[in-house]
Amino acid sequence: METVILAVVIAVVVLAVLGGLVVGSRRKKPLPPPPPAAPDITAPPAEPHVGDEAETPRDEPRRTIEEVDLPDGGSTGVAVEEPPVVEAPEIEIPEPTAGRLVRLRARLSRSQNALGKGLLTLLSREHLDEDTWEEVEDTLLTADVGVAPTQELVERLRERVRVLGTRTPAELRGLLREELLKLVGTDVDRTVKTEPEDRKPGIVMVVGVNGTGKTTTTGKLARVLVADGRTVVLGAADTFRAAAADQLQTWGERVGAHTVRGPEAGDPASVAFDAVKEGKELGVDVVLIDTAGRLHTKTGLMDELGKVKRVVEKHAPLDEVLLVLDATTGQNGLVQARVFAEVVDISGIVLTKLDGTAKGGIVVAVQRELGVPVKLVGLGEGADDLAPFEPEAFVDALIGE
């Protein structure tokens, strides 16, 4: 037993001696040569990280705040979107109004000369008996000339044909032209009154039922006035229809006319009043007021139209009240005209959509009904298709060349 213990002690001592020798030999090994020195490069100053201490500031040249370019509208690193650039609409130069209806006569005659051609065909028959004259009456009534004007025209035609005896095509055309001109009227002042002698601006109010093209007509009338060298302010007093003010403003921007508008469903009389007030301040020539379209059977709305007129006249009297009628509505248009005339004293008629129907006789009928002239006619959808009414050009379009 003692022998075993002694052997273990000797083994431990031997291992300890060998371990000391190995450690000693490792300590005596030479260290590898140091790497070559790196070039001395000054690192750029860096932002301290979270938890790091900032470096000691170095002496550097400093710039004043005037020399520092600051970012627009926000802190560093935040992208700021530039607002979109809204380009001003290009100002258009409207077509001159002088002779505009003559230039548009071909368009008018394409759809209107059914009346003239029908009458010439009937009058050219070899025998003009009672049946023929009844057909002449029917042709005139179908064209919305009206009962009384039709009877007058037929009586005059019968008398003149009987007296003349001969009826060549040229003679018949000249005869029919003369009689139609008498019905339409050539001695009536059809000027749109926009230049009062004692003040500025002239004030024009545009009225009518829904769907007649009233707002479009107001915008086109602004073009007519600008083409004649006038300056214009538009009053968007149609506050019931959401798109009416935007539509009118677009028309105005095209020709450089300022538009006065109010809140949607606001008081139309207030907008009209402000439009005239602003027109005075700007010194423009004409203020055009577009009113809300309304059914002639709605008493409350018609009363409100009268209120608009009264409020505007606190500034100055109205120079024109133009009633816009759809030429295709025929006798129903006459009923509308009658009611509007009772409320706001109509001074002139604007007939729209006159190029889309053979019912050109409405010109005669509405003038007889109201005792006021047709002053403007709309002949299409183009911006310059509103023309001053010229009886000679109109009749020539009706009966053709």
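The values are calculated or read from the model by the stated rules, or taken from the named source; none is laboratory data. Quantities reported herein were computed from a predicted structural model and do not represent experimental measurements. Quick reminder, even Gly has a Cβ in these numbers, built from the backbone with ideal geometry, and neighbours come from all protein chains shown. Ligands, DNA and RNA are stripped out before the accessible areas are found, and what is left, the full protein with its side chains, is counted by its heavy atoms. Shrake-Rupley method; radii C 1.70, N 1.55, O 1.52, S 1.80 Å.
A few comments on the model shown:
- Of Lys200, Lys309, the order by accessible heavy-atom surface (1.4 Å probe, DNA, RNA and ligands excluded), from most exposed downward, is Lys200, Lys309.
- Approximate spin-label separation Arg160-Asp345, in nm, with each point projected 7 Å along Cα-to-Cβ: 3.7 nm
- Counted residue by residue at 0.36 nm each, then reduced by the alpha carbon distance between them, the extension gain from Val102 to Ala148 reaches 13.7 nm.
- For Ile203, the residues whose modelled amide H falls within less than 5 Å of its own, excluding neighbours fewer than 5 places apart on the same chain, are Val287, Asp319, Glu320.
- For Thr239, nonlocal amide neighbours, meaning residues 5 or more places apart or on other chains whose placed amide H falls under 5 Å from its own, are Ala292.
- Among the listed pairs Lys117/Lys214; Lys307/Lys353; Lys200/Lys277; Lys220/Lys353; Lys214/Lys314, those beyond 20 Å (Cα-Cα): Lys117/Lys214; Lys307/Lys353; Lys214/Lys314
- Computed from phi, the 3J(HN,Hα) profile of segment 306-314 under the Karplus parametrisation 6.51, -1.76, 1.60 (θ = phi - 60°) reads x, 5, 4, 4, 5, 5, 4, 6, 5 Hz, with x in place of Gly and Pro.
- Ala170 versus Val335: modelled label distance in nm, points set 7 Å from Cα along the beta carbon direction: 4.8 nm
- Rotationally averaged projected area of segment 156-247 (alpha carbon convex hull; nm²): 10.3 nm²
- Calculated FRET efficiency, Lys280 to Glu381, Cβ-Cβ distance, R0 = 41 Å: about 0.75 to the nearest 0.05.
- For Val260, distant residues with modelled amide H under 5 Å away: Leu234, Gly235, Ala236
- Extended-chain gain in nm, criterion 0.36 nm per residue less alpha-carbon gap, Asp246 and Glu134: 35.3 nm
- For segment 250-257, putting each phi into the Karplus relation 6.51 cos²θ - 1.76 cosθ + 1.60 with θ = phi - 60° gives couplings of 4, 4, x, 4, 5, 10, x, 9 Hz, in residue order, rounded to whole numbers and with x for Gly and Pro.
- Residues Asp274, Asp198, Asp131, Asp144, sorted by accessible area with the largest first, give Asp198, Asp131, Asp274, Asp144 [1.4 Å probe; ligands and nucleic acids excluded].
- Net charge contributed by nearby residues that have their C-beta within less than 13 Å of His315 (K/R +1, D/E -1): +2
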